[in-house]
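Only one structure is covered here, and it is reproduced in the block below.
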Amino acid sequence: MESELKGREYIVAFVKRVSTKSGVYRMIGADDAVLYVGKAKNLSNRIRHYTSTSGLSSRIMRMVALTVRMEVIETRNEAEALLLEATLIKKYQPRYNILLKDDKSYPYICLTNHEFPRIVKHRGVQRKDETYFGPFASAQAVDETITLLQKAFLLRPCSDTIFQHRTRPCLQYQIKRCSAPCVNIINKQDYASLIRQASQFLRGKNREVQEQLTQEMQVHAANYEYERASVCRDRIRILTQIQEQQQMVQSTLEEADVIACHHESGQACVQIWFFRAGMHFGNHAYFPAQFSDQTPEELITAFMGQYYQTHPIPKLILLDRTPADVEVLQDALSMNAQRKVELSVPQRGERKRVVEALQNQAQTALQLRLAQRTSELKHLEAVRDVFGLKITPKRIEVYDNSHISGTHAVGGMIVSGEQGFEKSQYRRFTIRLEELTAGDDYAMLKQVLTRRLSRLRKEDPDRSLGMWADLLLIDGGKGHMSTTAEVLATLGIENLPFVCIAKGVDRNAGREHFFMPDREPFQLPVNNPTLHYLQRLRDEVHRFAISSHRIKRANAMQHSVLDDIPNIGSARKKALMLHFGSSKAVAEASYEALCKVEGINARIAQQIYDFFHE
């Protein structure tokens, strides 16, 4: 029976039932793990390729041998197949596909939809009633641009709560970064003019804005209003400064992404630059997982297919090489963007120089990464020797807890490996205090490790997806070692080395003791490089856990008792606070007084009164 077959024999039987239409196929291994997702113009011909006994790389032959089941989805054309392939790759993260793991969202500048709009950094889902500019390559680039825009256009950065409760101008007004609409120093019409100028500038209409300011400056000077003229002069200088910071090699690119790839030593770097409104909004480097039997052209196609699933697609994309299946890729991107998207490999002129500059950046970034990898590998090999591990660890998970007398307890996990700290792999654990005694650090560690390892057993039971650590490093001493050993025994997990690192009696760095099962506690020399490396890991998880604890504590401090009342949303909460001034006054208010609040009807007033008095 076909269900009893696997590997090449299964594929030979399966391909007989596959049509010749275009579509996407999935190769599935044991425990329903998706091994590979591929697209095909002709599904039957493409899948039959895997039945050959020659012409396949060793990687593909291993994938075929692990296949126990296949699934296909037919599409109307090859472009649809490419889009679906990228979607499924992002969903399943198959081990035999090129993967874009560092797929973060980019920040934007947002002008909010208010009577006096606010300028703010935004990342995530975009609302239709607000205006966005970007993307920017980093949060730092957005922060710097917002600071300069505040100086140039005096737009408010404060939250609505602060804005509504101000009775006098804040420091931002004093240092000339805000026009203080909160206290009516500027009227609605003049503030709207500032918003309009800021929008024009961010859309690339720099010359028009500066001409307007120049005319205003000349009018004020002619009327002997020298102070107002100097304000216009300062704003012109700031706008010039912004342009100088953002204009790069090419200023004629209105809306474009530039993509270049460099590969060596089995690694690859894909660099992307953003041009919007004639300005350069920064760049970002990606290091996608690739395989030696795949070409850079295939890598670029896989990268673009996954990247543009979640990022805006510009009208023009400049490339340093022609991607594989370029016509299909262009059709897929145009279909996704619902307009024509042009892919271009420039051969001369300014655009060619832009691409070459980006190629140089990609090469530099990859060489720095390879150098860092070499350094990290030396540290990992030293860790192997110090702790007597059977293999050199490629992934180290480090754990620590943070709390104050058991309150707002948070567990932190960081990951370090061949590329250094892998911050996208960091995890926070909100510790469930109802399950333990407040302040019991051992119980907190037990809860964190149990949750983490139980999930790994479920999601990667055979440890084939690279999700398991090769070494656990716990911030703690002998008691933490016993707790960790207990968790591993309870879950039936074997062959997972762990080490606990504890500071000495005087808590001085350099006096750390290391605890391992079946081995006496030991120390390393104060000047030992491996000790310094382990201290760096311990300090990083300590920093991460403390910052997570502070975030949780700050959020708890902002919680109001009004949030616990059913049917009291942000609008009613705001009305109550404006009317009574504090949650305590709301709690002491009579039913009659509650009824007088705007938006609070008799039923809701009775509900609020009962909440505080029953």
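The values are calculated or read from the model by the stated rules, or taken from the named source; none is laboratory data. In this text, all values refer to a predicted model and were calculated from it rather than measured experimentally. Counting neighbours? That spans all protein chains shown, and the Cβs are built from the backbone with ideal geometry, glycine included.
So which of Ala324, Ala365 is part of a loop (DSSP other than H, G, I, E, B) and either without any contact (Cβ under 8 Å) to a residue 40 or more places away in the chain or in contact with a strand residue (DSSP E or B) (Cβ under 8 Å, 6 or more places away or on another chain) (or both)?
Ala324
Let's see how each residue does on (1) surrounded by 20 or more Cβ atoms within 10 Å (Cβ to Cβ); (2) among the basic types (Lys, Arg):
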{"position": "Ala302", "(1), (2)": "yes, no"}
{"position": "Ile317", "(1), (2)": "yes, no"}
{"position": "Ala337", "(1), (2)": "no, no"}
{"position": "Arg348", "(1), (2)": "no, yes"}
{"position": "Val354", "(1), (2)": "yes, no"}
{"position": "Gln361", "(1), (2)": "no, no"}
{"position": "Gln367", "(1), (2)": "no, no"}
{"position": "Phe387", "(1), (2)": "no, no"}
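Considering only residues of the stretch 146-166 that are in a loop (DSSP other than H, G, I, E, B) and crowded, with 19+ Cβ neighbours inside 10 Å, which is farthest from the chain's Cα centre (by Cα)?
Leu154
Arg455 is checked against (1) within 27 Å of the chain's Cα centre (by Cα); (2) touching a residue at least 12 places away in the same chain (Cβ under 8 Å) and fails just one. What number does that condition carry?
Status for Arg455: all satisfied but (2).
If I go through the stretch 387-433 residue by residue, how many of them are in a loop (DSSP other than H, G, I, E, B), closer than 23 Å to Ser454 by Cα and among the acidic types (Asp, Glu)?
Residues that pass the stated criteria total 1.
Restricting the stretch 391-409 to residues that are surrounded by fewer than 13 Cβ atoms within 10 Å (Cβ to Cβ) and in contact (Cβ under 8 Å) with a residue 40 or more places away in the chain, which is farthest from His284 (Cα to Cα)?
Ile404
Hey, among the residues in the stretch 178-215 that are in a helix (DSSP H, G or I) and touching a Lys or Arg at 6+ places or on another chain (Cβ under 8 Å), which one's modelled with the lowest pLDDT?
Top of the filtered list is Leu213.
Quick check on the stretch 513-550: of everything there that is under 34 Å from the mean Cα position of the chain (by Cα) and modelled with pLDDT under 90, which residue is nearest to Ala409 (Cα to Cα)?
Going through the qualifying residues, I end up with His549.
Within the stretch 575-614, can you find the residues that are part of a helix (DSSP H, G or I), surrounded by 13 or more Cβ atoms within 10 Å (Cβ to Cβ) and touching a residue at least 24 places away in the same chain (Cβ under 8 Å)?
Once the filter is applied, which keeps residues that are part of a helix (DSSP H, G or I), surrounded by 13 or more Cβ atoms within 10 Å (Cβ to Cβ) and touching a residue at least 24 places away in the same chain (Cβ under 8 Å), the stretch 575-614 yields Ala575, Leu576, Val586, Ala587, Ile604, Gln607, Ile608, Phe611, Phe612.
May I ask you to list the residues in the stretch 128-145 that are surrounded by fewer than 18 Cβ atoms within 10 Å (Cβ to Cβ) and touching a residue at least 12 places away in the same chain (Cβ under 8 Å)? Can you show your working first?
From the stretch 128-145, those surrounded by fewer than 18 Cβ atoms within 10 Å (Cβ to Cβ) are 128-130, 132, 138-140, 143-144; that's our starting set.
Across the stretch 128-145, the qualifying residues are Asp129, Glu130, Tyr132, Ser138, Ala139, Asp143, Glu144.
Which of (1) closer than 30 Å to Met63 by Cα; (2) modelled with pLDDT of 85 or more; (3) of a type in the set (A, V, I, L, M) is the odd one out, the single condition Val354 does not satisfy?
So Val354 meets the others, but not (1).
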